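The values are calculated or read from the model by the stated rules, or taken from the named source; none is laboratory data. What you see is a predicted model; the values in this text were computed from it and never measured. Quick reminder, even Gly has a Cβ in these numbers, built from the backbone with ideal geometry, and neighbours come from all protein chains shown.
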Amino acid sequence: MAPRFIALLLLTFLVHPVQAQKPGEVFNGKAPTMDFSGVDHFYRVASVLKKGQSPGREQWDSLLSAPGYSHYFIEQNRDSTSIKRLMRLVFSPSEEKALQDTLASVQGDFRPELRPLHTLLAAKGERDTLRQFRKQIKTSNLRQQAIKEASALLPEEALGGEKEDRSPPPVNFVIYNLDGRGTPDGVVVDLVMAEIMGRKGAKLFLAHEFHHAGRESRLQVPNRKQDLRAFLLRAFDQLQAEGIADLIDKSYLFSKMKTGAPMSATEGLDSGREWCRKLLAAFAQRHQKAYRSTPSTVRRVDSLLVAVADAEEDGNNQLLRERSREILRSIPNNGHPNGHYMADLIANQFGTDTLAVTANDPFRFVRLYNEAARESGGRSVPFSQEAMTYLARLENRYTE
């Protein structure tokens with residue numbers, strides 16, 4: 001049971017890149033909200049399962065179509081089979097042995113694909129804690145503070161204002177995957193993650209996602225099946241999108257998730273919440289390691305860009321696609337750590353205001369990075385002239 005379940009989990013819960021906001025979009029034409037209805041639907045289904053009963057189709061549909069969950073399972077067209085099996089595994093009394101077997105098989109395994117399992121375990125064991133945290137943030141100005149944080153790294157009025165006929169997007173809370181999304185229709189935030197981060201961390205976590213929601217990339221990334229360059233274009237868009245947003249929250253996350261950070265006295269070794277913290281600590285360590293390796297990653301991406309340019313000139317479409325795909329694969333975690341390094345370097349050299357006014361332009365982001373790298377006294381590695389020349393050709397072709 002356990003190996004098959006884990007294999008399904010690994011296939012289903014893949015990380016998806018952020019989605020850019022559409023220019024001038026009105027967010028549902030509604031007033032700003034902090035929406036917890038998805039969490040309510042989650043616990044309704046969980047309550048049925050805890051009684052040893054099977055939720056009806058209507059109950060499952062209500063959960064999967066609730067704000068936040070609909071982003072994952074309707075808009076992204078994900079298969080809902082895995083979350084159904086996962087909820088049954090965690091909450092159904094008849095699945096207790098299978099649950100213990102599964103937990104035994106993943107002890108010490110901190111792969112990000114296992115986050116949904118431990119997130120649901122935390123939701124099961126910490127419902128009262130989550131309820132209290134929900135009350136605290138629902139009656140606070142957390143959302144407004146997060147919007148202010150995000151706006152400092154975006155062009156003026158990007159998240160709405162007197163000059164824009166739209167309001168900032170609503171916040172939709174879910175219990176799912178220790179993650180968040182900034183989407184055209186709203187910010188999606190995992191409540192377990194937010195509670196672990198605490199009020200300040202939750203504010204910064206929200207601000208990170210609001211930055212995604214407010215960003216309007218000039219780069220028009222084509223469909224991967226229709227354009228051989230789609231992979232590398234996605235890579236450079238992600239470097240900027242995640243890099244600037246990571247300036248908002250990653251320093252606080254790393255300080256809170258240091259190895260050996262004290263856990264609550266009530267958290268035992270089987271605590272889902274403790275494992276969530278360990279998973280986040282492992283994520284922080286991977287991020288910091290990849291961050292420090294950015295100079296070597298830049299060299300790798302640079303050589304691949306030159307190879308793409310050569311393949312394009314030779315008319316070798318197969319090699320062009322392969323090298324383009326390799327570029328995307330060369331930047332770990334959808335560009336978070338390497339983009340963070342690049343954004344840090346730019347901010348240190350030119351200030352955060354420069355990042356804010358150029359937040360929609362990934363090509364300018366690379367040019368700013370190159371300028372900062374050249375002024376770093378050899379500590380950072382710039383892209384070569386050949387690579388920059390090819391990127392300039394892509395800019396002319398793929399930007400508005």
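Descriptive notes on the structure:
- Residues (under 23 Å from residue 292 (Cβ atoms), in contact (Cβ under 8 Å) with a residue 24 or more places away in the chain and outside any loop (DSSP other than H, G, I, E, B)) located in region 372-399: 372, 373, 387
- Pair list, Cβ < 8 Å and 6+ apart or interchain, from region 334-357 residues that are closer than 17 Å to residue 237 by Cβ to residues that are outside any helix (DSSP H, G or I) and not polar (S, T, N, Q): 334/15; 334/17; 334/18; 338/331; 338/332; 339/331; 355/153
- Residue within region 169-185 that is of a type outside the set (D, E, K, R), assigned by TED's automatic domain parsing to the domain that holds residue 75 and part of a helix (DSSP H, G or I) present: no
- Among helices (runs of 4 or more DSSP H) entirely within region 35-120, having at least 2 residues that are surrounded by 14 or more Cβ atoms within 10 Å (Cβ to Cβ) and without any contact (Cβ under 8 Å) to a residue 60 or more places away in the chain singles out 37-50, 57-64, 81-91.
- Residue within region 7-27 that is among the charged types (D, E, K, R) and modelled with pLDDT under 55 present: yes
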